[in-house]
């Protein structure tokens, strides 16, 4: 048996020579030899060395190799200790058991593959008192352990030893993998201590259980526990043999069925009968080559067996065949290889889309993590923004950069839950859901899957598709998505889902919680010019059968189209207007009215597109008190607005006009309350609030306006009209006001800054807490602007109002309040 063990790593001749050096059956006397009290410690994994036992060990760690080479040149004595956790590559002293075995290196071999293998024989048990060194290898002070069978109770010892031998013989009979020579080796072992060590070493048990046997002092207790482990192994072997007998019987039955089937097939071929069985067997043959999960394969074969028992003329037959074919066509465990060239991916994204830095950065991060980890559950991204900003087309660019298949599923108007989950096969005309259908169409289980217009999913009596999407878009659940038609779990965790939405308010709250929201704001005018030059104009020229040598656009012409003929966040209408101009050129070329290159200038744009559709809002000056320029955000970008205030003799009535929303009205009320509370500080006679009517108007009157951004604008306008001090020229502001005078931050800063530059504004006032937003804006957009950051209304008025009053001040004719005593 020892020869078989050693030959697993050595040749037969070397094993014979080595066996001559080792006598594993020698009488073990733990007091017959002296050993040093400090030893080099060799950690080993997945096994425990026992005294008297010979085992080969492959040494791979640098510390272990240094220890073995040094010991082999000396007395060849080392301490062998098992690791607590076999997964630890570089164990520390806390990772080692305290009790080990002194071993002698019998032979050291350097194998052809470069590994070092040593043959060691256990000598005596020891306990580590303390470690003295960890470099270049472990060194420890040790104490030798005594142990053996007690002198009393010899009958009990003899009985348990015989029981161990009987159990070992039974294991040898039940396990055919153990060679027959092992029984002979077992019969030749007479020393009870070595017998327990030998059986413990070869026991099929965990390292923890073997270590427990090694640490036991009393030989009788060790033998009793060993016998318990061996009886457990006997029970497992007997159960295994029973199962194998049953399986063997089933295999015999399958072989018989196969033989009969083959005979039927031969008879059918002889008779020239070409029945449906051949088609079914062809499907079965294809299924064997499919790399699907085991349970799916079993289900597929059961379906085919069921079809074989059906009458081909039955109505259920084509339904069952369609189902089996659909199972076969799905891309189970079929994936496309991701392209991990991050620089190439970034170039593709930059080439296809201008701007969108946040989205591009998120995709590159996903690729980077996937490259490092090799496996990553697909994140659920939701691109949120106004129409026409390129959310859907961005998904195609992401698929190209990842080298994945591209799928787009439109959810607008979907109101049937079966569109997502599929129908039960029991229904007439049952079909799988669109998620599974699209995966079959793509032929890959890791595509980029665009869920377009997820905010427009509807619900009715046929179910709630949004709730059905919860499982699809949950990274913790979609690895076992069950389609009603499929009736099997399908792994969607490798799919990169990207949803698009114009509004977050109409998305199911639980569905929104499962997605990572990435906001895509509308493009600035400068970005639209770049997009037009890089993408829209070349595309329209190509689509209309022209070339770059036949038509080109001047930058002022593009700016005119953007400012005067479109008003949108995206570029969809801009592309239409460019298409109209290019189409006019194409007409002239086709009619041979144009023989040279057409350069599109502002005049040509106005000639083709007609009168300007939109007026550009520009700075109009503030020569009178009460007129202030504000900054506003709209879905079509940033704009400037004007707040006008006037006073008339009356009874303190307040009038607000200009289609103001509730929030904007509340800002006006807060501004008035602040002025009343601080009238003395601002040198405003308190009687003016009761004896004059106030009218606040925000042009244009037909355009609805709302939001808190006009808070400080309202305050400045009212302070200007009440104090008759004009506002500084070329000054605009944005920020929310509170009753205590605090200036709060607002959104849309980038769009507002660009609107101010277009209108010729020089100075801007905003909240101190908006300073961080300015830091995220490209420096060229902010250049030329003086931005004043404020925290309180007093700072706003100090910056905005001129010191002197207007030339023709309003003559306040104030009356003393009547004494009603």
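Relative to the longest principal axis of the chain, what angle (0 to 90°, nearest 10) does the C-alpha long axis of helix 316-329 take? With both axes taken from Cα atoms, the answer is about 90 degrees. Among 45-56, 346-357, the peptide with the highest mean count of other Cβ atoms within 10 Å heads the list, and the full ranking is 45-56, 346-357. The relative contact order of region 525-609 comes to 40 percent, based on Cα pairs under 8 Å that sit 6 or more residues apart.
Computed from the C-beta positions of residue 288 and residue 86 and an R0 of 45 Å, the FRET efficiency is 0.75 to the nearest 0.05. Using the rule -39500 (n - 2.57) for each DSSP H run of four or more residues, divided by the residues of the chain, the 222 nm mean residue ellipticity is -13000 deg cm²/dmol. Let me know the shape class of region 125-206, please: from the alpha-carbon gyration tensor, a ≥ b ≥ c as square roots of the eigenvalues, rounded when a/c is under 1.5, otherwise prolate if a/b is greater than b/c, or oblate. Verdict is oblate for region 125-206. Among rounded, prolate and oblate, which fits the chain when a ≥ b ≥ c are the square roots of the eigenvalues of its C-alpha gyration tensor, a/c under 1.5 means rounded, and a/b larger than b/c means prolate? It is prolate, given that a/c is not under 1.5 and a/b is the larger ratio. Only beta bridges with both residues in the chain are counted; by DSSP, about 55 percent of them are antiparallel.
Peptide packing for 502-512, 233-243 was compared via the average number of neighbouring C-beta atoms within 10 Å per residue; ordered from the highest value, the list is 502-512, 233-243. Mean sequence separation of contacting Cα pairs (under 8 Å, at least six apart), scaled by the length of the chain, corresponds to a relative contact order of 7 percent.
Between residue 587 and residue 261, the C-beta separation translates, for a Förster distance of 56 Å, into a calculated FRET efficiency of about 0.20. Take 435-442, 98-105, 283-290, 766-773 and order them by the average number of nearby Cβ atoms within 10 Å per residue, most first; the result is 98-105, 435-442, 766-773, 283-290. Using the Cβ-Cβ distance between residue 611 and residue 506 with R0 set to 35 Å, the FRET efficiency from 1/(1 + (r/R0)^6) comes to roughly 0.45. Shape of region 400-452 from its Cα gyration tensor (a ≥ b ≥ c, root eigenvalues): rounded if a/c is under 1.5, otherwise prolate when a/b > b/c, or oblate? In terms of gyration-tensor shape, oblate. In plain terms, the chain from residue 580 to residue 73 could stretch by 173.4 nm, reckoned as 0.36 nm per residue minus the Cα-Cα distance. Helix 711-723 and the long axis of the chain differ in direction by around 30°, with both axes built from C-alpha atoms. Residues 725, 567, 309, ranked from the fewest to the most other C-beta atoms within 10 Å, line up as 309, 567, 725.
Each of residue 232 and residue 117 was given a label point 7 Å from its Cα along the Cα-to-Cβ line. The distance between the two points is 3.1 nm.
To the nearest 10 degrees, how steep is helix 391-402 against the longest Cα principal axis of the chain, on a 0 to 90 scale? Approximately 30 degrees, to the nearest 10. Volume per residue for region 275-329 equals 63 cubic angstrom (convex hull of Cα atoms).
Readers should treat all values here as calculations from the given coordinates under stated rules, not as data from a laboratory. Values in this document were obtained by computation on a predicted structure and should not be read as measured data. Don't worry about glycine lacking a Cβ; one is built from the backbone with ideal geometry, like all the others, and counts go over all protein chains shown.
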